[in-house]
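Inspection log for the structure reproduced underneath, given as structure tokens.
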RNA sequence: GCCCAGGUGGCGAAAUUGGUAGACGCACCACCUUGAGGUGGUGGCGCUGGAAACGGCGUGCUGGUUCGAAUCCAGUCUUGGGCACCA
């Protein structure tokens, strides 16, 4: 029955364009956004819709509350998996992507979401990536003006170079020169300098190269030294790469966090990723050399505790300063470091290093400080060199110990000689002019002194690096860039620069992408890299506002109207990728005057992940026997995933298992009671006492683990409304939890019970699924019934507002139970309950609404208001507790004065017994809830 | 190692500001409805002692603050997530 109702209303909404959203309205606007999905070939599993259902409920709720709600959906359809699938099967990514999107859309529609599909965006559509390319060009043609702290068109910078050079204005991302010098530079030199200023720039850099995927990866796409996708090894490689100068936005990205509602956990993650630290850069003279060594430290107060210097092996400086005696050792060490991959370094974490033979001079006490090189110092952070203070830093301490370098103690008793102590509270000793100062106060004194002597400056550093923005792949946005004589220029054709069709996806020469294999492409000297997956997703929320505009990426009127996304729902996995990039793009577009806000998402809610509950069978190694969970430890077994649909709870359907895959056709089972069972040896219907118990583990839901559950089947069996409410009922949206459908019956029962408030099925036709006999009436409700209604209105509103959808479902259940107890079938009550229910179970609400002889759609009904006279208790038995422990009840009216309450309490028999004639110390009357007597 | 979020019945969970812990649902038990099954209904359901009335204990563990703690504080164990030689 529910299936037909749902089909009927889904068709009705579609043909009436019920969810069409207009960019003009008298109503206040509200923008609810989901993180759009990557349309994988596996289709939707029950984990995907969790956030979508939550956002759908909130959107529908806001619509009922009188808002013009934008709630769009689209597809993040460029990316690696489609291309890898293409390599494996030969199907073109455009084809598979189209097919997958169709599957996703039909699956989404079955759940009854209120998307305006006219606003759908697909990042791989030329009409969409035209604007991704356009925005890229804006970034390419802009620089970050550090003085005004915003992005500006690069034309202004060129003008500045021509008139003032780059001395006073200081764009520190490039070198200094005068206006005359600028004019004398040839074009290549000028372009080189400009490239160093552009917000999207091309440069040579150490990148994360993944051989198996044939591409570079951004830092957030590499996990534990292997690729996030596929788990292939990743090595450092020097390559020409496009980058986004996100580091220029580091401070604003941090500052912006205070203006938006993200969870603390999310803010912490972004803050840590940006990794701001402040300290000083200090330059040391080197003995018998004109070279100098500049280090970055957060602890300039420990300058007198420096016992050695460490330089990253990659630094050129090493060749200038190393002593002849150490030359061979240094070269050998550098060769050794180069031979090691990131994975090895991380796995081993051993202490290695090599003395250069050179010494730096401590500027304050003239001490000679040996300069070492070691892989534990990173070339890419700070200056690539550190001053080591073993008494205060654990890594420095271990290094000193390992190489027998004497340790200077500047913190007295705080250092025990056994381990370093990174305290800032110690009083400094052996520290020259800093003696007697507490460390945290000494920092400023030290920095001032260094500045005064021109050997150091205060310095802020960020852990975040510029974002690698090119991929050596096919299935992504082409860069509208041409190369001539090693100079990158904006492509002069009309956007979009369309992705050409290819027959093969194999990499081009010299670690270039497949585009390098296309002669016409190369002939035009076009860039052969493509943009990364996050390019299209960094601005899609803007395109929804004005999706069909062919003149601009998003009309300013539209973006001014819809403004920020009011509510963004998605997983935490994008904390340092997508969410940071979109924030940066928004800021850049804001700086350049294309939009009027500089934070894209006002509020972010992270939905938890629904994990799969995997089942395992245990194959005895080298045999075709499987042993049950209880006795698996007695054998040498190999665990294998088994499809969850073949398992009832933990008990395997052995006959279904042998039919599952051909290679299992003649297996045997050693069951829980150690009996051997061979499928097919017992006839159907014969009692099978043997049980095979599977192992259980919670892991990520994925097709390869056979633990996915398809929402289609649940919608078919129970209906979309049941499915929607059950996903919410499972627990708080923010929380991750393994999927489990054993409670879905309860929610389904609730909806049937709701139905029976309107219609009672006739006895004989209970199974036929017709609507039954009408029982609803138009009688006037009484106080008890109104009380149920208004309490529900209040609770549902509160629950919905605070995204506590699980308790909201409970509230509905209580409401329906109460109405059933009261035998209340009154239209006046029921129709209001239906309105409350609309966001949660739109189909059944709409159906019953129409059956109550209402016209129009319930989606635009007026949201009921609660009356407080029905939501408070008028009189009640109140508990009295004595020293916090409830001992008796007392009858009294609400809103009594303290004095009256005391009198009433003292008359109570139980209290008198406890007091034994003495006066109580205190009588506390708590929030109209209870009374506590302190004795 | 560092940062963050959790830990409550057989299970998913609730408890919005410190105020009668376990709402609601699942599972389970008993009964009613039924020829039977399903559906539907009523009641029970933290542990423990007790025939019962009633009592003791109880929100990972150990302490503390408070008339009163799942909630606040200190320490500790544990699960999940993030970062990881960032000087």
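The values are calculated or read from the model by the stated rules, or taken from the named source; none is laboratory data. Quick caveat: nothing in here was measured; it's all calculated off a predicted structure. Reconstructed Cβ throughout: ideal geometry from the backbone, glycine too, with neighbour counts over all protein chains shown.
State whether one or more residues within segment A:724-746 are farther than 14 Å from residue A:47 by Cα, near RNA strand B (Cβ under 6 Å from one of its atoms) and in a helix (DSSP H, G or I).
Within segment A:724-746 (the criterion being farther than 14 Å from residue A:47 by Cα, near RNA strand B (Cβ under 6 Å from one of its atoms) and in a helix (DSSP H, G or I)), the answer is yes, since at least one residue qualifies.
Kindly indicate the residue of segment A:863-913 that is in a helix (DSSP H, G or I) and closer than 30 Å to residue A:833 by Cβ and also nearest to the chain's Cα centre (by Cα) among those meeting that condition.
Among residues in segment A:863-913 that are in a helix (DSSP H, G or I) and closer than 30 Å to residue A:833 by Cβ, the one nearest to the chain's Cα centre (by Cα) is A:868.
Can you confirm whether residue A:264 is modelled with pLDDT under 90 and within 16 Å of RNA strand B (Cβ to nearest atom)?
So residue A:264 fits the description; yes.
Of all the helices (runs of 4 or more DSSP H) wholly in segment A:306-378, which have at least 2 residues that are out of contact with any strand residue (DSSP E or B) (no Cβ under 8 Å at 6 or more places or on another chain), within 16 Å of RNA strand B (Cβ to nearest atom) and in contact (Cβ under 8 Å) with a residue 12 or more places away in the chain?
Passing ranges, in order: A:327-339, A:342-348.
Would you mind telling me which numbered condition in (1) away from RNA strand B (no atom under 13 Å from the Cβ); (2) farther than 27 Å from residue A:783 by Cα; (3) in contact with a helix residue (DSSP H, G or I) (Cβ under 6 Å, 6 or more places away or on another chain) residue A:887 fails?
Condition not satisfied by residue A:887: (1).
Considering segment A:553-568 alone, what residues qualify as being touching a residue at least 40 places away in the same chain (Cβ under 8 Å) and loosely packed, with under 14 Cβ neighbours inside 10 Å?
A:556, A:557
Kindly indicate which of A:715, A:694 is farther than 30 Å from residue A:104 by Cα and surrounded by 14 or more Cβ atoms within 10 Å (Cβ to Cβ).
The conditions single out A:694.
Helices (runs of 4 or more DSSP H) wholly in segment A:751-862 with at least 1 residues that are surrounded by fewer than 18 Cβ atoms within 10 Å (Cβ to Cβ), within 15 Å of RNA strand B (Cβ to nearest atom) and within 37 Å of the chain's Cα centre (by Cα) - which ones?
Ranges flagged: A:783-801, A:805-821.
Quick one: in segment A:196-223, which of the residues that are touching a helix residue (DSSP H, G or I) at 6+ places or on another chain (Cβ under 7 Å) and over 13 Å from residue A:470 (Cβ atoms) is surrounded by the most Cβ atoms within 10 Å (Cβ to Cβ)?
In this case the residue turns out to be A:199.
Mind listing whichever residues of segment A:664-688 are at pLDDT 80 or above and either under 18 Å from residue A:635 (Cα atoms) or not in a loop (DSSP other than H, G, I, E, B) (or both)?
A:664, A:667, A:668, A:669, A:670, A:671, A:676, A:677
Quick check on this structure: which one of A:579, A:589 is out of contact with any strand residue (DSSP E or B) (no Cβ under 8 Å at 6 or more places or on another chain) and either farther than 22 Å from residue A:706 by Cα or not in a helix (DSSP H, G or I) (or both)?
When all the criteria are applied, what remains is A:589.
So if I check each of A:499, A:515, which one is touching a residue at least 12 places away in the same chain (Cβ under 8 Å) and more than 30 Å from the chain's Cα centre (by Cα)?
A:515
Could you check how many residues of segment A:389-413 are under 37 Å from the mean Cα position of the chain (by Cα) and either under 17 Å from residue A:275 (Cβ atoms) or near RNA strand B (Cβ under 8 Å from one of its atoms) (or both)?
4
Pairs needed: first member in segment A:392-414, over 14 Å from residue A:302 (Cβ atoms) and in contact (Cβ under 8 Å) with a residue 12 or more places away in the chain; second member anywhere, away from RNA strand B (no atom under 12 Å from the Cβ) and in a loop (DSSP other than H, G, I, E, B); C-beta distance under 7 Å; at least 6 residues apart or different chains.
A:405/A:307; A:406/A:307
Can you tell me which of (1) more than 10 Å from RNA strand B (Cβ to nearest atom); (2) more than 16 Å from residue A:924 (Cα to Cα); (3) surrounded by fewer than 18 Cβ atoms within 10 Å (Cβ to Cβ) is the one residue A:897 doesn't meet?
Just one mismatch for residue A:897, condition (2).
Hey, can you tell me all the residues within segment A:914-924 that are more than 9 Å from RNA strand B (Cβ to nearest atom) and either in a loop (DSSP other than H, G, I, E, B) or closer than 15 Å to residue A:890 by Cα (or both)?
Answer for segment A:914-924, where residues must be more than 9 Å from RNA strand B (Cβ to nearest atom) and either in a loop (DSSP other than H, G, I, E, B) or closer than 15 Å to residue A:890 by Cα (or both): A:916, A:917, A:918, A:919, A:920, A:923.
Read through the list (1) farther than 26 Å from residue A:402 by Cβ; (2) within 11 Å of RNA strand B (Cβ to nearest atom); (3) assigned to a loop (DSSP other than H, G, I, E, B), then give the number of the only condition that residue A:280 fails.
Only one criterion is unmet by residue A:280, namely (3).
Among the helices (runs of 4 or more DSSP H) contained in segment A:119-199, which hold 1 or more residues that are over 40 Å from the mean Cα position of the chain (by Cα)?
Correct list: A:154-164, A:179-184, A:187-195.
Which numbered condition in (1) out of contact with any helix residue (DSSP H, G or I) (no Cβ under 8 Å at 6 or more places or on another chain); (2) more than 30 Å from residue A:21 (Cβ to Cβ); (3) surrounded by fewer than 14 Cβ atoms within 10 Å (Cβ to Cβ) is the only one that residue A:118 fails?
Failing condition for residue A:118: (2).
Would you check if residue A:615 is surrounded by fewer than 23 Cβ atoms within 10 Å (Cβ to Cβ), outside any loop (DSSP other than H, G, I, E, B) and in contact with a strand residue (DSSP E or B) (Cβ under 9 Å, 6 or more places away or on another chain)?
no
Of all residues in segment A:589-611, which are in contact with a helix residue (DSSP H, G or I) (Cβ under 6 Å, 6 or more places away or on another chain) and buried (at least 21 other Cβ atoms within 10 Å of the Cβ)?
If the condition is that a residue be in contact with a helix residue (DSSP H, G or I) (Cβ under 6 Å, 6 or more places away or on another chain) and buried (at least 21 other Cβ atoms within 10 Å of the Cβ), then A:595, A:600, A:606, A:607, A:610 are the ones that fit.
Could you tell me whether residue A:243 is in a helix (DSSP H, G or I), closer than 30 Å to residue A:166 by Cβ and touching a residue at least 12 places away in the same chain (Cβ under 8 Å)?
No, not satisfied.
Under 8 Å by Cβ, and 6 or more places apart or on different chains, what pairs join a residue from segment A:740-753 that is closer than 22 Å to residue A:772 by Cβ with one that is assigned to a loop (DSSP other than H, G, I, E, B) and more than 6 Å from RNA strand B (Cβ to nearest atom)?
Here the result reads A:748/A:719; A:751/A:719; A:751/A:841, each pair linking segment A:740-753 to a residue that is assigned to a loop (DSSP other than H, G, I, E, B) and more than 6 Å from RNA strand B (Cβ to nearest atom).
Please pick out the residue among A:661, A:703, A:691 that is closer than 16 Å to residue A:739 by Cα and either at pLDDT 75 or above or touching a strand residue (DSSP E or B) at 6+ places or on another chain (Cβ under 8 Å) (or both).
Every option except A:703 fails the conditions.
Would you check if residue A:275 is within 14 Å of RNA strand B (Cβ to nearest atom) and at positive phi?
Answer is yes for this residue.
Applying the selection to segment A:425-436, what residues are crowded, with 18+ Cβ neighbours inside 10 Å and part of a loop (DSSP other than H, G, I, E, B)?
Answer for segment A:425-436, where residues must be crowded, with 18+ Cβ neighbours inside 10 Å and part of a loop (DSSP other than H, G, I, E, B): A:426, A:428, A:429, A:431.
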